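S.K.: Structure in structure tokens, see below.
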Amino acid sequence: MESRREVDSLEKQLKDKNDSDGGEAAEALKREHEEVVEVFESRLERLQRENEKLQKDLTARVELELRFEKREARMEKNIKESCGRDIECVQRELSAKLDKVTPALRDLQDARRAKAHVTQIDANLNFIRLHKKGEITDFDAEVEMLLEKAAREIGVADPHGSNITAPMSSDDTSLGVDQVSGETTTVGDEAGEPTPEKTTDATSI
């Protein structure tokens, strides 16, 4: 009987000890679990804050890039419009100047053409005068000299051929010596005396 009581007492002590050890272990596990949860919750909060900050930064950057793109598009549009207006203005100015210059160029061409005719006539008359006075000893050399002189006066590089006479329009008429005003020409000391026959254009020799 005594032994039974001792056994029961020992079992009771063992159970109490197991219960006590189990409770302490459970408490330790609970505390460890709570600590881990706190760590993870803290880390989660930190990650959430970082994520929110990154989202704000990204949104701000996107908005900034959009503003830059809109500004660039505006500037490009303004530049194109401004350049277009400038080009149109320059084109109008050039057109107006061309309208003014074109008649002047035609007048200048007419003046040069007339000067070329007059210079050729002067050369022909000078040749005739020298021929009548008997001062021409070398006919070909004299013609060459007169052609070169006429070419220098009208700025023609090649005195030979048709370069002496400026290009004539369809309404121009030849101004050779024998056709000036339809009259015979008298020059120099023999002025007033009729010329018995037609004179010859020096350039046709």
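The values are calculated or read from the model by the stated rules, or taken from the named source; none is laboratory data. Treat the numbers as computed from the prediction; the structure is a model and nothing was measured. Every residue, glycine among them, receives a Cβ derived from its backbone with ideal geometry; neighbour counts consider all protein chains shown.
S.K.: Look through E45, E11 and report the one residue that is surrounded by 10 or more Cβ atoms within 10 Å (Cβ to Cβ) and modelled with pLDDT under 90. Working first, answer last.
M.R.: Numbers: E45 fails: modelled with pLDDT under 90.
Of the residues listed, the single one that is surrounded by 10 or more Cβ atoms within 10 Å (Cβ to Cβ) and modelled with pLDDT under 90 is E11.
S.K.: Looking at region 109-151 only, could you name the residues that are at pLDDT 85 or above, of a type in the set (D, E, K, R) and surrounded by 15 or more Cβ atoms within 10 Å (Cβ to Cβ)?
M.R.: R113
Matching residues to (1) among the basic types (K, R); (2) outside any helix (DSSP H, G or I); (3) over 18 Å from the mean Cα position of the chain (by Cα); (4) exposed (fewer than 10 other Cβ atoms within 10 Å of the Cβ):
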site: R67; (1), (2), (3), (4): yes, no, yes, no
site: V90; (1), (2), (3), (4): no, no, no, no
site: L98; (1), (2), (3), (4): no, no, yes, no
site: P103; (1), (2), (3), (4): no, no, yes, yes
site: D107; (1), (2), (3), (4): no, no, yes, no
